[in-house]
Amino acid sequence: MKTPPLDIITSWPVPNYVNPETRGPAAAIVAITLLIVVTFLVAIRVYTRKVITKGFGWDDILILFAYVATAAFTVIGLVASAHYGWGTHVWDVRPRLFPGSLKLALSSFVMFDLATSFTKLSMLALIYRLACQTSKTVRYIVIVSMVLISANGTSFLLVSLLQCRPLYHYWRLSLEPVNCTVDEATHLLAGGIINTSTNLLVVILPLAIVRRLRQEGKLCPRQVTIVSILFAAGFVACAASAARVYFTHLMTSSRDRDLSWHAWLTWLMSSIELFVGIMAASVPATKPFFARYLPQLISTASASRARSVGKASIKPPREEKDRPKRDSLSTIHELEEEVVFNRPVRTPDFSEPQHLVFYDVNKPLPRIKESVYSIPIDFDFENTERTQSRPSYERTSSRGSDTATRNLTEERSFV
């Protein structure tokens, strides 16, 4: 790469290699935090699709590729910030670090292109699942968008790798012109604008599909709201993409050519764009996981909290010093004195003689003289006519016994 002109180099301040001014660790903290969150989210997504819903598809494969490229992009930025002067003014960076910094810059361009392309393709694959329930026009729009994004990512990758021939001219500093036929500033600016435009397309397209499904009655208002909020998170990625375009232009067109100082902001905005994009594409796929395990976690937490509150509400027992002291000899007498009878005790009156009656439980029962088994029944098989009315009985009781007798009053017999 050709070095800046001598008049710009001579205008730089005196280098400070001992205690230079830096951007600080804010970008590293944000990137590492987002990397941890996205790692757990992608793991939950893969577990949900493989174990719970058993619907692991192309959108999950593409998001895994995007995650690997995003993690590599993050590691490149962390290494460049820690060891190659990103976030430090270019005049405070030792010249021997420039080739390594340029190698990492080219690698970050490639990883960013792969990460953003795979993320958008994953979202389009998810949208295609929704588009299967709508018209063919929507499906064709999704397919055309996937082709355009793939072509854009491939062209950006080829231009980045072929802008200097041979490629090592990109990180070799030379005062003479080198064989780099592509204007890097124009290339990065055009790639950033196209990337932001495709981000908007990927965010707006699912919102239109969800609205159409709502009009057809296939989604309830609550589902529409949830899905819209999840996909609308992509607007944050679009905002970060627009900010990245601005800082990229500022980095490549600044008069002082302070590339290492402006590269810090460009890398930070790029990291936010990639991480938020993966989150927006992965959150809808993790709904079955949280629907299954989140209520259990909430109930477990509530039960433990209730137990802790219950333990706090129980009054502690009296201490030994508050209890009455008893020796071994007086314990029984004191316990007898503490017994309180709430009911009055009635003592039997033995003034009158008591007569005891003894019953013999083995005594046999008296013989039953008349029963239902002694009723005479006339089996008249010759008479085939049977009455439909119920027979009536007369119940009489004798004076000396409690046995009831029944008299058949109908003229015709029945069984």
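The values are calculated or read from the model by the stated rules, or taken from the named source; none is laboratory data. Quantities reported herein were computed from a predicted structural model and do not represent experimental measurements. All Cβ positions, glycine included, derive from the backbone under ideal geometry; neighbour counts span all protein chains shown.
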Residues satisfying the stated conditions in the stretch 62-120, i.e. closer than 20 Å to residue 158 by Cβ and small (Gly, Ala, Ser)
66, 69, 72, 105, 107, 108, 115, 117
Could you name every one of the helices (runs of 4 or more DSSP H) located completely within the stretch 1-106 that has at least 2 residues being surrounded by 14 or more Cβ atoms within 10 Å (Cβ to Cβ)?
26-47, 58-83
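Got a sec? Which of 147, 142, 182 is β-branched (Val, Ile, Thr), over 20 Å from residue 258 (Cα atoms), out of contact with any strand residue (DSSP E or B) (no Cβ under 7 Å at 6 or more places or on another chain) and surrounded by 18 or more Cβ atoms within 10 Å (Cβ to Cβ)?
Working: 147 fails: surrounded by 18 or more Cβ atoms within 10 Å (Cβ to Cβ); 182 fails: surrounded by 18 or more Cβ atoms within 10 Å (Cβ to Cβ).
Of 147, 142, 182, the one residue that is β-branched (Val, Ile, Thr), over 20 Å from residue 258 (Cα atoms), out of contact with any strand residue (DSSP E or B) (no Cβ under 7 Å at 6 or more places or on another chain) and surrounded by 18 or more Cβ atoms within 10 Å (Cβ to Cβ) is 142.
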Search the stretch 210-222 for residues being closer than 20 Å to residue 138 by Cα and loosely packed, with under 15 Cβ neighbours inside 10 Å, and hand back the single one that is modelled with the lowest pLDDT.
218
Residue check for residue 135: over 27 Å from the mean Cα position of the chain (by Cα) and not basic (Lys, Arg):
yes
Listed residues 30, 68; which is without any contact (Cβ under 8 Å) to a residue 12 or more places away in the chain, of a type in the set (A, V, I, L, M) and at negative phi?
68
The residue from 151, 115, 125 that alone is assigned to a helix (DSSP H, G or I) and over 32 Å from the mean Cα position of the chain (by Cα) is 151
For residue 160, indicate whether it is touching an Asp or Glu at 6+ places or on another chain (Cβ under 9 Å), assigned to a helix (DSSP H, G or I) and more than 30 Å from residue 286 (Cβ to Cβ).
yes
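Rundown of residues vs (1) over 26 Å from the mean Cα position of the chain (by Cα); (2) among the polar types (S, T, N, Q); (3) at pLDDT below 80; (4) surrounded by 18 or more Cβ atoms within 10 Å (Cβ to Cβ), yes/no style:
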position: 186; (1), (2), (3), (4): yes, yes, no, no
position: 192; (1), (2), (3), (4): yes, no, no, yes
position: 260; (1), (2), (3), (4): yes, yes, no, yes
position: 266; (1), (2), (3), (4): yes, yes, no, yes
position: 276; (1), (2), (3), (4): no, no, no, yes
position: 291; (1), (2), (3), (4): no, no, no, no
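Can you confirm whether residue 236 is touching a helix residue (DSSP H, G or I) at 6+ places or on another chain (Cβ under 9 Å), within 27 Å of residue 155 (Cα to Cα) and part of a loop (DSSP other than H, G, I, E, B)? Before you say what the answer is, go through the steps one by one.
Details: touching a helix residue (DSSP H, G or I) at 6+ places or on another chain (Cβ under 9 Å): yes; within 27 Å of residue 155 (Cα to Cα): yes; part of a loop (DSSP other than H, G, I, E, B): no.
Against the criterion (touching a helix residue (DSSP H, G or I) at 6+ places or on another chain (Cβ under 9 Å), within 27 Å of residue 155 (Cα to Cα) and part of a loop (DSSP other than H, G, I, E, B)), residue 236 does not qualify.
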